[in-house]
Amino acid sequence: MKAIKIENPGQDSRLNIENFPVPEPAGNEVLIRVEATAMNRADLMQMAGRYPVPKGVTEIPGLEAAGIIEEVGSEVTGLSKGDRVCTLLDGGGYAEFVVADQNMIMKIPDNLSFEQAAAIPEVFLTAWQALYWLAGLKNKETILIHAGASGVGTAAIQLSKHFSNANIVVTAGTDEKLALCKNIGASLGINYKKQDFEKVISDSLGRSYVDVIIDFIGAPYWNQNLELLNLDGRMVMLAMLGGPRDELSLGKILRKRLTVMGSTLRNRTLTYKQELTKDFAVHALPLFANGKLKPIIDRTYNLDEVEVARHRMEENKNAGKLVLKVGQ
Ligand SMILES: NC(=O)c1ccc[n+]([C@@H]2O[C@H](COP(=O)([O-])OP(=O)(O)OC[C@H]3O[C@@H](n4cnc5c(N)ncnc54)[C@H](OP(=O)(O)O)[C@@H]3O)[C@@H](O)[C@H]2O)c1
């Protein structure tokens with residue numbers, strides 16, 4: 001099969017299409033003929049040589065895929081050859097075939113294309129976990145979502161609007177990105193390149209007003225985030241795009257009884273990911289069928305254009321997901 005190989009991981013890495021053996025499904029796995037996959041920041045880190053793949057995982061990048069079941073393992077139940085499915089993966093999505101555990105599989109709603117389905121697993125499962133398994137977002141709470149137009153951000157906006165009727169505040173780096181966020185449910189958008197987000201929020205809503213923060217930026221936003229959080233506020237840190245170190249003031253964690261959590265989905269146990277997938281598939285996946293939730297796709301590329309997609313993400317230009325078409 002054809003798949004992407006990261007040549008020379010590091011500063012000068014290149015992405016080449018090469019031949020690999022088709023993986024064989026174990027008893028509890030299915031073999032998927034991949035029609036589409038999607039790019040994630042973790043892939044960029046892997047390309048840059050800064051994210052070694054977990055032990056036992058293929059070097060082929062790709063944390064999600066959508067396609068058609070080609071073969072089922074001997075112990076698989078409830079899934080058949082020909083089913084349209086999508087799944088979160090530990091790796092291997094940038095390929096014509098990939099194997100996945102049967103309990104990680106989600107059946108694609110009929111109205112969604114493979115490209116749309118490929119844009120769901122990583123960002124929606126991450127957002128679902130952050131909002132409801134970690135932060136415990138409650139009805140009508142106020143949530144601040146940084147990098148609102150990111151893949152995870154656009155998923156978090158839609159989920160918190162739909163499931164909690166939350167008051168959603170976002171930050172993003174362009175006015176176009178903020179317009180997208182408002183279109184899918186944000187009520188206040190702040191261009192952090194033009195305005196101080198802490199000042200805008202405290203001027204319009206009041207200090208100590210935000211119940212939950214989903215943060216991807218880290219140290220540069222730490223003090224402002226803590227300032228904005230309400231008593232008993234919760235913050236989930238999913239990335240540190242702005243860096244991990246700064247002069248950090250900790251006092252507010254104590255005084256406001258804050259909960260600060262960090263999480264990485266990829267290194268969770270298979271059992272955890274199976275349970276998360278099941279929870280999401282029961283509660284949220286059906287809402288894609290009636291259009292209440294939408295995969296937000298920035299652009300779709302063919303697999304041989306993967307370097308173009310990579311540069312678009314590296315330059316922070318995408319609003320929503322970058323999808324790679326694998327099938328013809
Ligand atoms: N922990 C987990 O389990 C988990 C799971 C999935 C993803 N992630 C992480 O979550 C982050 C978002 O993922 P994604 O796939 O949704 O990303 P994405 O679609 O590529 O969007 C990331 C956006 O973050 C903003 N950004 C980048 N650097 C920034 C900085 N220094 N300060 C402020 N904003 C910055 C940019 O938008 P602007 O134009 O608005 O600046 C950029 O487009 C990534 O870092 C990813 O690795 C974590």
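Just so you know, all these numbers are worked out from the coordinates, no wet-lab data involved. The model shown is predicted, which means the values in this text are computed figures rather than measured ones. No Cβ is skipped: glycine too gets one built from the backbone with ideal geometry, and neighbour counts run over all protein chains shown.
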Report the relative contact order of the chain, percent, no decimals, based on alpha-carbon pairs under 8 angstrom and at least 6 residues apart.
17 percent
As an exercise, use a Förster radius of 25 Å and the Cβ-Cβ distance of Asp279 and Lys140 to find the FRET efficiency, rounded to the nearest 0.05.
0.70
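What share of the DSSP beta bridges in the chain is antiparallel, in percent to the nearest 5? Intermediate results must be reported in sequence, preceding the final value.
On the way: 30 of 55 bridges.
Restricted to the chain, the bridges split so that about 55 percent are antiparallel.
Determine the shape class of the range 124-262: with a ≥ b ≥ c the square roots of the Cα gyration tensor eigenvalues, call it rounded for a/c under 1.5, and otherwise prolate if a/b is greater than b/c, oblate otherwise.
Numbers: a/c = 1.35, a/b = 1.17, b/c = 1.16.
Because its axes are fairly even, with a/c under 1.5, the range 124-262 counts as rounded.
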Any idea which of Ser150, Ile168, Ala219 is furthest toward the positive side of the dipole for the range 124-262, if Lys and Arg beta-carbons carry +1 and Asp and Glu beta-carbons -1?
Ile168
For the range 284-310 and the range 1-49, what is the centre-to-centre distance using only Cα atoms, to the nearest Å?
18 Å
Name the residue, out of Leu79, Leu125, Leu88, whose mean-square fluctuation peaks in a Gaussian network model built on the chain with Cα pairs under 10 Å.
Leu79
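Which value at 222 nm does the chain reach when only helices count, each DSSP H run of 4 or more adding -39,500 (n - 2.57), with the total divided by all residues and rounded to the nearest 500 deg cm²/dmol? Mind showing how you got there, number by number?
Numbers: 11 runs with 90 residues, N = 328.
Computed mean residue ellipticity for the chain: -7500 deg cm²/dmol.
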In percent, how large is the relative contact order of the range 124-262, given Cα pairs closer than 8 Å and 6 or more residues apart?
21 percent
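What percent do you get for the relative contact order of the range 81-198 when only Cα pairs under 8 Å and 6+ apart count?
18 percent
Please report, in debye to the nearest 20, how large the charge dipole of the chain is about its Cα centre when each Lys and Arg carries +1 at its beta carbon and each Asp and Glu carries -1 there. Working shown, then result.
Numbers: 37 positive and 39 negative charges, 228 e Å.
Dipole of the chain, to the nearest 20 debye: 1100 debye.
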Highest first, please rank the peptides 64-71, 256-263, 114-121 by the mean number of other Cβ atoms sitting within 10 Å of their residues.
114-121, 64-71, 256-263
First measure r as the distance between the Cβ atoms of Asn302 and Met45, then evaluate 1/(1 + (r/R0)^6) with R0 = 30 Å and state the FRET efficiency to the nearest 0.05.
0.80
Strictly over 26 Å apart at the Cα level, which of Lys252/Lys294; Lys81/Lys325; Lys161/Lys273; Lys5/Lys325 would you flag in this model?
Lys252/Lys294
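Which of the pairs Lys138/Lys256; Lys140/Lys182; Lys2/Lys55 have their Cα atoms more than 21 Å apart in this structure? Before the final figure, lay out each step's value.
On the way: Lys138/Lys256 18 Å; Lys140/Lys182 17 Å; Lys2/Lys55 23 Å.
Pairs exceeding the cut-off: Lys2/Lys55.
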